1. Could you please give the count of residues in segment 15-51 that are at pLDDT 70 or above, assigned to a loop (DSSP other than H, G, I, E, B) and closer than 18 Å to residue 123 by Cα?
2. Suppose we filter segment 252-301 for residues that are out of contact with any strand residue (DSSP E or B) (no Cβ under 7 Å at 6 or more places or on another chain) and assigned to a loop (DSSP other than H, G, I, E, B); how many remain?
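The values are calculated or read from the model by the stated rules, or taken from the named source; none is laboratory data. Since we're looking at a predicted model, the values are computed, not measured. Here the Cβ positions follow ideal geometry from the backbone for every residue, glycine too, while neighbour counts run over all protein chains shown.
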């Protein structure tokens with residue numbers, strides 16, 4: 001248990017009903033930074049804060065690069081849990097921000113709580129652990145207000161170093177009767193804990209996942225509860241949903257088929273210089289090559305107009 005005083009529990013409880021509704025369409029898939037775009041190893045710290053102007057809850061994260069040319073530089077971002085309704089001015093749940101927060105929390109081996117007020121304590125535990133993580137800093141983009149920002153994704157947790165993290169880490173449950181290894185490739189080994197849990201929900205498998213279960217325990221349970229002719233494979237619709245969240249593609253959710261998601265995406269353009277090589281390949285595989293803008297627009301340089309020469313009228317000669 002974290003020893004840090006919880007100060008936002010009441011405010012989080014007020015979000016409970018809307019948060020539960022937002023999680024019905026949970027799809028994995030996030031700030032700004034001065035660090036050049038790329039993949040880095042970084043030490044992560046975080047805290048639950050609120051904006052000064054409106055008191056909106058957000059998770060503030062700091063990533064300190066630990067190696068390479070950018071070692072020592074800090075990258076910052078925030079996961080916005082609440083936003084203001086543009087029309088009414090009312091403070092409401094930020095569905096996308098909350099879903100990204102859930103994915104981030106589950107990547108740290110934590111379980112998304114039914115009582116949302118518990119995420120403050122989870123965030124405190126992650127901060128106390130100060131884990132070493134692999135992050136992907138995306139290319140900078142211009143926001144609606146004209147300010148530049150960068151999204152930062154936590155790819156995976158490499159290690160958690162603090163005693164607090166060790167104490168709060170889930171116990172490993174030894175499976176005394178392991179199932180025989182499958183000779184068929186089912187891609188489960190490539191899936192994260194969050195993706196495995198999403199697969200259980202999607203396939204409606206009767207598998208209660210507990211904090212004591214390791215990722216391998218979950219994979220074994222999925223294999224044991226899936227008929228041989230229905231062995232699940234990695235579903236690239238999840239990658240599409242994550243991509244859509246990062247590109248602000250609206251009107252997609254995890255209840256849609258791949259073709260339906262691609263149909264929505266076909267109405268958008270994607271800048272090649274803002275996406276990774278893997279994302280570019282994914283779009284091409286989905287038949288969206290024509291939606292990729294491959295050349296940056298060149299801003300024309302306007303030359304100042306040349307000053308007009310004064311017209312000098314010739315004097316008339318006297319008769």
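1. 2
2. Going through segment 252-301 one residue at a time, the tally reaches 22.
Conditions (1) modelled with pLDDT of 80 or more; (2) under 22 Å from residue 78 (Cβ atoms); (3) surrounded by 12 or more Cβ atoms within 10 Å (Cβ to Cβ), marked per residue:
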{"site": "115", "(1), (2), (3)": "yes, no, yes"}
{"site": "132", "(1), (2), (3)": "yes, yes, yes"}
{"site": "144", "(1), (2), (3)": "no, yes, no"}
{"site": "155", "(1), (2), (3)": "yes, yes, yes"}
{"site": "161", "(1), (2), (3)": "no, no, yes"}
{"site": "171", "(1), (2), (3)": "no, no, no"}
{"site": "179", "(1), (2), (3)": "no, no, no"}
{"site": "193", "(1), (2), (3)": "yes, no, yes"}
{"site": "212", "(1), (2), (3)": "no, no, no"}
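For every residue, the table says whether it meets (1) part of a loop (DSSP other than H, G, I, E, B); (2) touching a helix residue (DSSP H, G or I) at 6+ places or on another chain (Cβ under 9 Å); (3) over 23 Å from residue 43 (Cβ atoms); (4) modelled with pLDDT of 90 or more.
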{"position": "76", "(1), (2), (3), (4)": "no, no, no, no"}
{"position": "87", "(1), (2), (3), (4)": "yes, no, yes, no"}
{"position": "96", "(1), (2), (3), (4)": "no, yes, yes, no"}
{"position": "101", "(1), (2), (3), (4)": "no, yes, no, yes"}
{"position": "104", "(1), (2), (3), (4)": "no, yes, no, yes"}
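Yes/no matrix, rows are residues, columns are (1) in contact with a strand residue (DSSP E or B) (Cβ under 8 Å, 6 or more places away or on another chain); (2) surrounded by fewer than 19 Cβ atoms within 10 Å (Cβ to Cβ); (3) at pLDDT 80 or above; (4) assigned to a helix (DSSP H, G or I):
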position	(1), (2), (3), (4)
209	no, yes, yes, no
223	no, yes, yes, yes
229	no, yes, no, yes
233	no, yes, no, no
239	no, yes, yes, yes
